[in-house]
Amino acid sequence: MPYSNEEYLIELLLEAGALDERAVQTARGTKKPNESVIDTLIKTGVVSDEQIAQNVAVNSGMEYVDLTGYTVTPELKDMIPLEVALRYKVAPLGADRGRLQIAVSDPYDFETLDALPHVLQPDIEFFCATPALIKVLMSNIYGNDAVMGGAAVKTAAGFGVGDTAGTEDAPIIRLVNNMFTEAFKSRTSDIHIEPLEKDVRVRYRIDGVLQDMEHHPKRLHAAIISRVKIMTNTMSVDEKRIPQDGRIQMTFNDKELDMRVSIIPTNNGESVVMRVLDKSGLQLGLSDLGFLSDDQEVFEKMLSLPDGIILVTGPTGSGKTTTLYACLNFINRPDRKIITVEDPVEYELAGINQVMVKEDIGMTFAAALRSMLRQAPNIIMVGEIRDLETASIAINASLTGHLVFSTLHTNDAPSTVARLADIGIKPFLIASAVRAIQAQRLVRKLCGECKTPSFLSETDLRGLRLDASQAMNSTIMQPVGCKKCRDRGYRGRLAILEIFKVDDEVRNMINEQLTTPQLRKRARELGMRTIREDGVRKVLAGLTTADEVIEATMADGS
């Protein structure tokens, strides 16, 4: 049924003399269950598509256009993305002095008439045509397979996008698909699509570093954004005034990928950031994350504890969530019930119960935690401790026989104690509940294919606080660049970390409310290496470079 208000249309046709009441009543009695009265009238020859379109055009003040044999030019294909044409059932007719001309079948579909100036461009002239001829014109412009298809396919790029079959032929679809293909090949963690004053900039974050990749004409911006929104299946293509969040799921070379999509309006148009979530990263062990054998042994002992809280800290983008998932994978066994509460659930883990925070309906971290405890879990993961209520419930859970994992935003491990106290947790509860705190940063890992032996300069030695004798007999390496790492010299990232174990003496110090420097001093006496010292070990082992460690640990005061 191509018309938005059937009863109004019937009244219009009755008044115009194109129909009589008897024919309408007959159609009402004979139409099939899923068929409209108008469809029945057309099928029985009482009225034609052309008569309807002409009468509707006259009544609405819109000009009628007969699309029979309409001339198709290559430019038409670029005027409206295929998915927009399919969604709104419209076809491009051309442009007149920069004004886009579009054929619609229903001049009273105000949702479409209001949406298209936002989706495409503000200056549009609408013409009325029959639905059948609009569909023929769409097939002539975009290809019959593209218009008639409907199932999700895997494109030639190798990933499923839930598109209409054949849509890879559309320029905007091909452009976005190529963008994803290049991003996945480059092992990109974030794709940024940013509207500038005169063009659209595309940047990829690769191994933690944003890199300028492509620039597109500004006129393509609206079509690119619409394409991304349609791929999420949840975002409104018409809405451009408020932020929107969504998700795209696809496969690339038989690898399952999720993308968290965030769109926000800026002064130059909507800006998009897509976080690429590679599920293969869930299988990483602690050694893959950057734990050297001695630290891995210490941390695995912490994971075997029956209760208490283990915290992973660091700034945004330091790999805390990945570390938590690696911990859950390590301890996930059939005899253990594990529940997580996350905002959002980034990866789905087999055998683990995961709960997503939805604050708009009252499902906060604290509310989810309270309910989770009634599910009799052995192990709980809280995505982030943000407030006193969440912290208090997590602490109480750890004191009643649960092993709890969570994250906090602190610069180092010992300062986490002060952070919990600032939130409002009593020192004796912190001392009783916390078992270990790990702080971490991420540094780029040297490409194993092309790295080459090197040495530490005087500047490097000063930055790492080493003397030349400490660097003797080490395996210093430097980046070179090859096809494997796309000539960057680095491939992947690893964590540099410090592990603060809370022993009886540290508990007493926490109860006595000693300062962070005093806690740090005791931790060092217990053998804790600082983040920078762990980074130095990885430089000397040829895993990363001095520049990476120095830059990542500038705030490390030790």
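How big is the charge dipole of the chain about its Cα centre, in debye rounded to the nearest 20, if each Lys and Arg gets +1 on its Cβ and each Asp and Glu gets -1 on its Cβ?
On the way: 64 positive and 77 negative charges, 427 e Å.
Around 2060 debye, computed over the chain.
When a/c is below 1.5 the answer is rounded, else prolate if a/b is larger than b/c, else oblate, so apply that to the chain with a ≥ b ≥ c taken from the square roots of the Cα gyration tensor eigenvalues.
In terms of gyration-tensor shape, prolate.
Just grab the label-to-label distance for residue 356 and residue 267, each label 7 Å out from Cα along the Cβ direction, in nm (one decimal).
3.5
Could you list, by residue number, the cysteines of the chain that have no other cysteine's beta carbon within less than 4.7 Å of their beta carbon?
Isolated Cys, the chain: 128, 327.
Among the GluC sites (Glu not before Pro) in region 491-537, which ones are in a DSSP loop with at most 13 other Cβ atoms within 10 Å of the Cβ? Mind listing them?
For GluC sites (Glu not before Pro) across region 491-537 that sit outside H, G, I, E and B with at most 13 neighbouring Cβ atoms in 10 Å, the list reads 512.
Under the 0.36 nm per residue contour assumption, what length would be gained going from the current alpha-carbon distance of residue 526 and residue 459 to full extension?
Length difference between fully extended and current span is 21.1 nm.
Using only Cα atoms, what Kirkwood radius does region 266-328 have, in angstroms?
Numbers: mean 1/r = 0.0706 Å⁻¹.
For region 266-328, the Kirkwood estimate is 14.2 Å.
Can you give the log10 of the normalised intensity I(q)/I(0) at q = 0.12 Å⁻¹, computed with Debye over equal Cα scatterers of region 498-558?
So the normalised log intensities are -0.37.
So, R0 is 35 Å and r is the distance between the beta-carbons of residue 387 and residue 518; what FRET efficiency does that work out to, to 0.05?
Values: r = 27 Å, r/R0 = 0.77.
With a Förster radius of 35 Å, E is 0.85.
Per the 1.4 Å probe, what fraction of the accessible area of the chain, in percent, lies on carbon and sulfur atoms?
Details: 12470 of 25990 Å².
Answer for the chain: carbon and sulfur cover 48 percent of the accessible area.
To the nearest 0.05, how large is the calculated FRET efficiency for residue 371 and residue 332 if R₀ is 22 Å and r is the Cβ-Cβ distance? Please list the in-between numbers first.
On the way: r = 21 Å, r/R0 = 0.97.
The pair residue 371/residue 332 has a calculated efficiency of 0.55.
Quick check: residue separation of residue 48 and residue 125 times 0.36 nm, minus the Cα distance between them. What number comes out in nm? Show your work: numbers first, answer last.
Values: separation 77, 0.36 × 77 = 27.72 nm, distance 2.50 nm.
My answer for the length gained is 25.2 nm.
Hey, what's the per residue convex hull volume over the C-alpha atoms of region 1-146, in cubic angstrom?
Here the figure is 116 Å³ per residue.
Put a dot 7 Å past each Cα toward the Cβ at residue 196 and residue 482; how far apart are the dots in nm?
3.4
Between residue 174 and residue 21, what FRET efficiency comes out of the Förster formula 1/(1 + (r/R0)^6) with R0 = 60 Å and r the beta carbon distance, rounded to 0.05? Before the final figure, lay out the partial values.
Details: r = 52 Å, r/R0 = 0.87.
That gives a FRET efficiency of 0.70.
Would you mind computing, in nm to one decimal, how far apart the modelled labels at residue 473 and residue 234 are, each placed 7 Å from Cα along Cα→Cβ?
5.7
Stretch residue 245-residue 409 to full length: gain in nm at 0.36 nm per residue minus the Cα-Cα span? It would help to have the intermediate numbers written out before the result.
Values: separation 164, 0.36 × 164 = 59.04 nm, distance 2.35 nm.
Extending this stretch completely gives an extra 56.7 nm.
Report the relative contact order of the chain, percent, no decimals, based on alpha-carbon pairs under 8 angstrom and at least 6 residues apart.
Numbers: 986 pairs, mean separation 49.4, N = 558.
Relative CO of the chain lands at 9 percent.
Counting only heavy atoms of protein chains, what accessible area per residue, in Å², does the chain have with a probe of 1.4 Å? Present the calculation step by step, with values, prior to reporting the outcome.
On the way: 25990 Å² over 558 residues.
On a per-residue basis, the chain sits at 47 Å².
With an 8 Å cut-off on Cα pairs and a minimum separation of 6 or more residues, tell me the relative contact order of region 24-156 in percent.
Numbers: 155 pairs, mean separation 34.2, N = 133.
In percent, rounded to a whole number, it is 26.
The values are calculated or read from the model by the stated rules, or taken from the named source; none is laboratory data. The structure displayed is predicted, hence computed values, not measured ones. Don't worry about glycine lacking a Cβ; one is built from the backbone with ideal geometry, like all the others, and counts go over all protein chains shown. For accessibility, only protein heavy atoms count, side chains too; no ligands or nucleic acids. Shrake-Rupley method; radii C 1.70, N 1.55, O 1.52, S 1.80 Å.
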